[in-house]
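The values are calculated or read from the model by the stated rules, or taken from the named source; none is laboratory data. Computed from a predicted structure; not experimentally measured. Neighbour counts run over all protein chains shown; Cβ positions are idealised from the backbone, glycine included. In case anyone asks, the SASA skips ligands and DNA or RNA and just uses the protein heavy atoms, side chains included. Shrake-Rupley method; radii C 1.70, N 1.55, O 1.52, S 1.80 Å.
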Amino acid sequence: SLSLPLSLSLCLSPSLPPEAKKSRGSTRQPKEAVREDTNESVFSVFLRQAGVTLRQGCTSNEIAVDQVVFQKRIQQQLRKSPKYPGVVQEFITGLESHIEDPESFRNCLLPCAQGYFSYSQYLLRMLLGIEMLQVRLFFFTGDGGISVPHLIINQLKWLDRVVDSKELATKLMELVSVAPVDVQQDIITSLPEILEDSQHNDIARELNSLLQTNTQLTVPILDALSSLNLTVMSTLAAVQLEDLPVVVKFILHSVSAFDAYEVRTLNGVHTFGGKKEFDLLVLFILHCTNPNQSRRGAERILKSKVRTGLIQEALLQKTFRDYSQVGYFASILALAQCLLRSPDPCVVPFGGHMYRLSFTVFDPYCQQEVVGSLVTHVCSGVGGEVDMALELLCGLVTENPSEMALYAVFVKGILDYMDNLTPQQIRRLFHLLSRLAFGQQQQGSHIQDDMHIVIRKQLSSTVPKYKRIGIIGAVMIVGSMGAFSCALACVSGLVQVTALLELVRSSSESSPEAGALYYDELANLILSSTLDPQVQSVLDDFQDGFVVDLGLETTCSIPFPARVMYNLEEEDTQDGIAINLLPLLAKDIQNKGEQRVSPLCLSPFFRLLRLCEEKQHQGDLEEIDALLGCPLILTDMEAVEKMESLSKAEREFLCHLLFHTINWFREVINAFCRQKETEMKMKVMTRLQNITYLQTLLERALAGTAGYVPPVANFDGESSDGATLSSTAPVNKAKKGNHKRKTPGKASSESSSQLEEMTEADETQQEKEKEKEKEKEIWHGVSLVSYRQFFRELDMEVLSVLQCGLLSRSLLDSELHTKEKEEVLLGPAELVFLLEDMLRKLEFSLTSAPVRTDKSVGFSHLQQRSSKDIAACCVQLLPALCSHLENCHNHFQTLLSENDGVVDGPATDVQEQHLMSTCYQLLLQVLNTTFSWSGFNLPGQRSLLKKALGVLAERLNGHSELTLEQLVKHSFEYLLNFGSTMPSLSTALCLSQLLSTVSEKGGNPSTYREQTASLAKRFLSQDWLTARGEKERGNKFNEALHTLLSIYLENVDDVLKAVEEIAGERIPELLNAAKDESSASWPTLSRQTFLVFYKVMMAELEKAVRKIPASKISDNVEVSHKVLHYMTLFRNTILLTLIHHNEDVQNLLKTIQLSTRQLHHMCGHSKINQDTSLTNHVPALKKSLELFVYRVKATLTLNNCQEAFWIGNLKNRNLRGEEILSQRTEGSDDDEDDEEQEERHPVLPQEESEDEVPDISRLSQWHFVKFDAKYFFLNHIWEYVFGIDLDIVMENK
């Protein structure tokens, strides 16, 4: 029940009739008299007749008519009553009597029931809408189970009409002065919804005074003032700390343009000790208070601060810990979504931290929103976004298993979107779900049945894609069940795991690809998880069907004679073992891949066996080390030389055999690369040599086997469905367009002829290069680049072989005397093999570019490691990489000294030089990719960056304990020393890129620009020759030249001067040289590379013009006065220059028009040849040319010199200068129309058909007095000629 200890009267108007201005006691009739007279009050009777039935208790009042009808009836009843106007007071008295009962009072404040399921307006609110009652109503309030004051105040909001708003405002403020704090806050926040606009100023002054005296009401007063659209900036000097977010929100909403300068001072406030929690709160407020399009500003600020390290995870944690009650969850969630979708890897982890802390700090509703948002990220199908969201969900399950179990159903919904997920993402998804379903607490056990149903359905599918999903999911479930001892504590748990393994095994027996995937997934599980020993014991049941004893005869028919090959054991004995590859492959082909033991499973099963041995024996592989050196049953590889005489089936069989052999060796190297014994290291090195040799044989075999599809080696990708490769021979497509040559006309310019000669020479050279490449491909074999997905993946640990130097061992005779000494060295071919693999791994893991799904095949093991781990491995290998880099440098330095400064001496080994040059380039690319990792920019990875730079700096001065700037300086100097031994332009480009990357890692990068530009210029001025003594040519050379020239122009101090040097000195050297020669000072500038130079120069000129800042007019009055004063002086100087140097200005405009005429001819050329790629640019170009003409004319017109402007017609011509004939005949009567269709260009008075050039000599006749101090002339000269058309001047240069 409600108690009513406090009675607060709201007299809404004093303008009552004299007879009504009586005290409550004198006007109120005794209740008993009313009942005796009528037995029912006027209030109840009138309400019933108007359509409202009053109810008692908890039942709501009922209304049978519309609100407007009810109000009209009450008003009519009151006016037509014989007792009017006294009946009005009787009505009010009846209302007072009715609301003395707390339940009746509550019903009057609540909506009236209308029908069975709908509710209408509040009774008191409807009565307040009647004008004659509004000024006489009194309200009573009290405290109880519900907020009655809040209900009362709601009746006053948004009334259709307020009779006396001023008096109402006065009474409300009087009530504020005596009411409790909570009622005060409620009244103040409701003022904008109660009062009319005419009272806003008065009420604002009242609130302003109250704001200065009562800081407890800061928040409601600011909320009210922001709705009143008033400014109180001067009153915000001191507020409570916890009210600061609301204060900032008010400022952002309410500040006017006049007071904006006061808000700008917030930008200059710096908190002591760096960023504070308040900074993050302000960003959240900025985001939540701005419209959708304006929120991007807050997002950009947050990204920038996170990227620079000013806002880090520690600050975020502190903010969530101390200010979680502030709220702003919607903005936090939106910002987290934005960061997680960002392509910048530096800000994505911060978005993950926001998600994680939101789930930890906020209530269950917010937790549900966080999980739902992460599920949405996973279902988006965007690679990086999906990976991060899955990682966050896995982390939440690990940290908060009980809370996440409540939302397991949401996560289970991702199973419907698995078609868009990669195999690695599917692994994470099932790992996540299996931990929820089979965790130690079993909170998510309700989804176990659903997961079993999905797994069985996928395993029984005949579609390879879905069967793969079933195998991956089942193995991940086994991992989760086997990892928890509670699941295996009872017999039933072990039975479930064993039954699931048996189910997967039986469903994959019919397909070698499925069986191989099963072995690979189990191997990955053992590598990444800690399984219960009882689960590992199940793996021992697999039988080895691939190893046979030597000396056994083969019973099956094979297409080639069997031979034992690649034996590394010391004694050739018949008691050893061998890999039975050739017979197994023959049986597999005969049985069409349906036999249980397939060569496809050879490498996956060995990987599983090896990892089991490592787990059980702590990395010791003694029990299986015989497999490293045991031979294989193959055939004589001389058959590769006779490919043309073999049938198609025999050629494909031989290619199959080579692929399986190479993949076996790759998996063997994976297994034994970390062994410490010298003998084992030497065998690993020998297997590397076997691989490089077999790859050369495979290249030749593939060249003679068109349309061949290799066996699958990576079974978790789409390639396992059966890939098709295009023909090895490239198809040269004919170019579209008119290839007929025309005789140059008389108007053809010399530059046009020379340009065409360059184009023709370039096309001829390209055709020759294509023919050479085609011959080389047929002779030497095809490249294995397009076949990489058919090779087994090498582990990162294999790269440790790069640290091996010269390995040797002594072979003993029967009397233990040294018989001979065996040495093994990592040769150039093996180094290239390892570096190519390392570079591919780094480009996949450390680059921020999104990786296509088809490009991720062959990186399954790598995807299970973080980019930080990959970068750390690279830093560990840096000393070895630097040693190899120095060896390459010494090799080419020796060649240069022996061959008088050239690397193509008469005794040069072409193959060796090619390998060494490739090693050199790969080493520089590996270093550049490593240092380009964006993770080095994160504050947490600065130590790793210093360690990496310390390796380079230590090679130069022997000290690595330096500051970051010093490390960058010494590293740059160390790398700069390699510039003298670059064997090719592509290698020189890699060095230039590496220097640019290192210079950006600390200090001021501009300090290294001069050295980078100088080195690039030296490379551009060098004549690059191949090992055969021929000049480097071709598309790859042009691409490298393009990038190197861009680096030079980007780093040079004055790009305009550099371009002018090339265009004014180097190109004339080329024009004066013979047809096959190049520029004397820049040999890289030839007729074949002229277009490369032209394209780069134009692009850099455009960038340079865009960097020219536009002039801005300051709003500051004092600055404006100074500008006017000095601009007047400057104007006079410019005018004198134009008067006394008018010939120079006129020549400038003439030069500009030379280029515009050539551009006009290019437009005609594109139209006559119907070249779409060119005609797309014609409209914009024509617009620019016309704009230039009209701006020159406007300049002269504004200065009373219009007679200096002449117009002439240019004929449409092609690049040769030949006139393009119109579609009409020359004798047609429509010649005038044809002339109108031609481009209009201005001409000089003395020269017909020349471009438009104003006669600047007439400027001396201008009356400068007219312009006075308005600097009108200077402004238009700058805008119309020198400022706007500056880019045209640059193009002409």
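Data for the structure
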quantity	calculated
Rounded to the nearest 10 Å², the accessible area of MET916 at probe 1.4 Å	30
Label-point separation, GLU973 to SER783 (7 Å along Cα→Cβ), nm	3.9
ARG79/ASN290 FRET efficiency (R0 41 Å; Cβ-Cβ; nearest 0.05)	0.20
Cα centroid separation, segment 604-621 to segment 996-1067 (Å)	51
Efficiency of FRET from Cβ geometry, ARG300 and MET1098, R₀ 25 Å, rounded to 0.05	0.20
Exposure ranking of LEU1056, LEU1049 by accessible area [1.4 Å probe, largest first]	LEU1056, LEU1049
GLN368-ILE577 pseudo-label distance in nm [points 7 Å out on the Cα-to-Cβ vector]	5.9
Binned Cα-Cα distance frequencies in segment 620-683 - 10 Å width, integer %	17, 40, 23, 16, 4
Filtered trypsin sites (Lys or Arg not before Pro), segment 594-627: DSSP coil and at most 14 other beta carbons within 10 Å	ARG596
Interatomic Cα distance distribution for segment 334-402, bins of 5 angstrom, percent	4, 19, 32, 28, 13, 5, 1
Per-pair calculated FRET efficiency, R0 = 51 Å: ALA649 and HIS1177 via Cβ, rounded to 0.05	0.40
Of the GluC sites (Glu not before Pro) in segment 660-707, those whose Cβ has at most 16 other Cβ within 10 Å and which sit in DSSP loop	GLU677
Accessible area of segment 988-1097 divided out per residue, in Å², using a probe of 1.4 angstrom	45
Extended-chain gain in nm, criterion 0.36 nm per residue less alpha-carbon gap, THR894 and GLU1065	58.1 nm
Residue-span extension gain [ARG1191 to GLN803] - 0.36 nm each, minus C-alpha spacing	132.9 nm
Segment 921-968, accessible area per residue, ligands and nucleic acids excluded (1.4 Å, Å²)	41
Counting all C-alpha pairs of segment 890-1011, share separated by more than 20 Å (%)	48
Computed lengthening from ALA872 to ASP1054, 0.36 nm per intervening residue step minus Cα-Cα distance	61.6 nm
Residue-wise HN-Hα coupling along segment 662-674, computed from phi with Karplus coefficients 6.51, -1.76, 1.60 (Hz; x: Gly, Pro)	4, 5, 5, 5, 5, 6, 5, 5, 4, 6, 10, 5, 9
Vicinal HN-Hα couplings computed from phi for segment 386-394 (Karplus, 6.51 cos²θ - 1.76 cosθ + 1.60; Hz; Gly/Pro x)	5, 4, 5, 5, 5, 4, 5, 5, 4
ARG55-LEU568 pseudo-label distance in nm [points 7 Å out on the Cα-to-Cβ vector]	9.1
Loop-resident sites, segment 64-131, for GluC sites (Glu not before Pro), counting at most 15 other Cβ within 10 Å (DSSP)	GLU100
For segment 1173-1210 versus segment 341-403, the gap between their alpha-carbon centres in whole angstrom	58
Cross-link pairs LYS318/LYS868; LYS676/LYS841; LYS868/LYS1001; LYS1001/LYS1095; LYS1036/LYS1107; LYS1103/LYS1182 - those with Cα-Cα distance over 19 Å	LYS318/LYS868; LYS676/LYS841; LYS1001/LYS1095; LYS1036/LYS1107; LYS1103/LYS1182
Kirkwood hydrodynamic radius (C-alpha pairs) into Stokes-Einstein, segment 167-208, 4 °C and 1.567 mPa s, D in µm²/s	125
Segment 54-123, accessible area per residue, ligands and nucleic acids excluded (1.4 Å, Å²)	52
Protein-only accessible surface order, largest first, of PHE362, PHE278, PHE936 at 1.4 Å	PHE278, PHE362, PHE936
